[in-house]
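Only one structure is covered here, and it is reproduced in the block below.
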C-alpha cells in the first residue's frame, strides 16, 4: 500500500480510537501494534517493549515529575489567593487594576505551577466573584481567567516545552526562554482587551480605584515572595550553568514543599500524601503517553509514512507561509480534541523535518505550536479551562464563558500572526542568554 494512503488510514483509525474514550497512551499502543502486525509481521512487535521503555531512558524526563511536584505543592496552598490579593492591593491605582491583577496573578501562578487547570481554579475562586461584585461583565470575568490559565503551558517552567524538547531533541533551556517574551505579549493583549471590553460594555464604574494602605500592601508580601524567589532561582540555576533542568527541577520541588510547609502549615501527613499522590498520577500519565508516542513514531517511521509525508510536503510548490498556515489550522483543530502533550508527541516527528526544510526555526515553531494548544484549552468541544471555570461559577452558563473566552482566543491568533514576521519575539532572548543556536 502507498505510504501516503496508509498514513491517511492510520490517521483516521487513530482519531476514531482516541474519540472512543480510551486513554491516549493505550490508544496509541493499540494502533501501533495493529498496523505493525498487519503490515510488518509478527516479528516487528518484538521491538515494542524495548522502544517503550527505551523512550523513558532519559535523564531529562526526570524534570517532568519534579516540576509537577513543584506546581502541586503550590496549588495545594493559598498561594494563588495570596498572589491575587497582593497584586490587587499593589495595582489598585492602575485603571482597570482588578482585571489586570487577575491576569497578572494568572501569569505568575502559571509560571509557578505550570498547570492551566490549577491556575484557573486558584485564581478564579478569588478573582471571578470579586470582579462580578465590582460590576465587571460576566464574560470578561470568566473569559480572562480561562485565558490567563492557558499561560501555564507557555511561560516557563512549562511541561509542554519539556515534552517538545524531548520529542524533537531541542534544548529545553532555549525553549523555556523562548516562551518568556511571547508570554508577556499575550498577557499584554489580554489586559488591553479586558480593559477595553469592560469600558465598552459600560462598566466604567468597575474600573474605579479601591484604596489600600501601605501596611495592607506590605503585610501580604512575605507569603508570595518566597515562591517567586524559587522560580527566579530555578531559572537562574538553569541558565547560569549551575545545574541541568532536571537538577534544578528537583531542588525547586524540594524548596516549594518546604516553603508550603513553613508558610502555609502544609505539615499533615494526609496533605503531603495528597500532593505526592496526585503528582505521581499526573507524572505517570504524561510519561506513559511519551513512551506510547515513541512506539507510535517508530511505527510511522518503520512503515515509511513519516518520510513519505515529509517528502510529499517538500515537493509541494507552495509558498512556505501557505504551508505554515495549513500547519496552524491543523494544530488548532487537533487542539480542539486532544491534550497538548498528545498533540506534540504525535505530530512533532512528522512536522519537525517539514518546518526545518521550509526554513523555519524549531524554537520559534515551539512557541507557535504552544499558542495553538492554548487556543484548544479555551475552545469546545474539549476546552478544559472552560469546564474548570464553569465548576467555579456554576451559575454562569457555559455559553457565557465560551463567548467571553473567544476574544482571548482571537488575541492568541494575533500573537501568532505577530510572531510570523517578527520571529525575534521568540528567538531574541534565547540567543541573548545562551548565544546563537548552531
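Worth a mention:
- The fewest-to-most ranking of 133, 55 by surrounding Cβ atoms within 10 Å reads 133, 55.
- Rough spin-label spacing in nm, given labels placed 7 Å along Cα→Cβ, for residue 184 and residue 330: 3.4
- A Förster radius of 25 Å, combined with the Cβ-Cβ distance separating residue 242 from residue 432, puts the computed FRET efficiency at roughly 0.85.
- Nearest-ten-degree value, helix 79-90 long axis tilted from longest Cα axis of the chain: 50
- Sequence of 193, 214 once ranked by neighbouring C-beta atoms within 10 Å, starting from the fewest: 214, 193
- 0 to 90° range, to nearest 10: angle between helix 424-434 axis and the chain longest Cα axis: 90
- Ellipticity at 222 nm from helices only: DSSP H runs of n ≥ 4 in the chain, each -39500 (n - 2.57), divided by the residue count, give -25000 deg cm²/dmol.
- For the peptides 334-346, 242-254, residues were scored by their other Cβ atoms within 10 Å and the scores averaged per peptide; the highest-first order is 334-346, 242-254.
- Nearest-0.05 FRET efficiency for residue 225 and residue 59, computed from C-beta distance (R0 25 Å): 0.20
- Between the beta carbons of residue 19 and residue 319, assuming R0 = 45 Å, the FRET efficiency works out to 0.85 to the nearest 0.05.
- The length gained by stretching the chain between residue 216 and residue 5 to full extension, at 0.36 nm per residue less their Cα-Cα distance, is 69.4 nm.
- Modelled this way, with points 7 Å down the Cα-to-C-beta line, the labels at residue 201 and residue 403 are 1.0 nm from one another.
- Averaging the Cα positions of each part gives two centres, and for the stretch 67-83 and the stretch 125-159 these lie 16 Å apart.
- Inter-label distance, nm, simple model (7 Å from Cα along the C-beta direction), residue 169/residue 258: 3.8
- With Cα atoms, 0 to 90° folded angle of helix 305-315 axis to the chain main axis: 80
- For the chain, the relative contact order comes to 26 percent (Cα pairs under 8 Å, sequence separation of at least 6).
- Among 162, 12, 100, a tally of other beta-carbon atoms within 10 Å of each Cβ gives an order, fewest to most, of 12, 100, 162.
Where a number appears in this text, it was derived from the coordinates with a stated rule and is not lab data. All values reported here derive from a predicted model rather than from experimental measurement. Cβ coordinates were reconstructed from backbone atoms using ideal geometry, including for glycine residues, and neighbour counts include every protein chain displayed.
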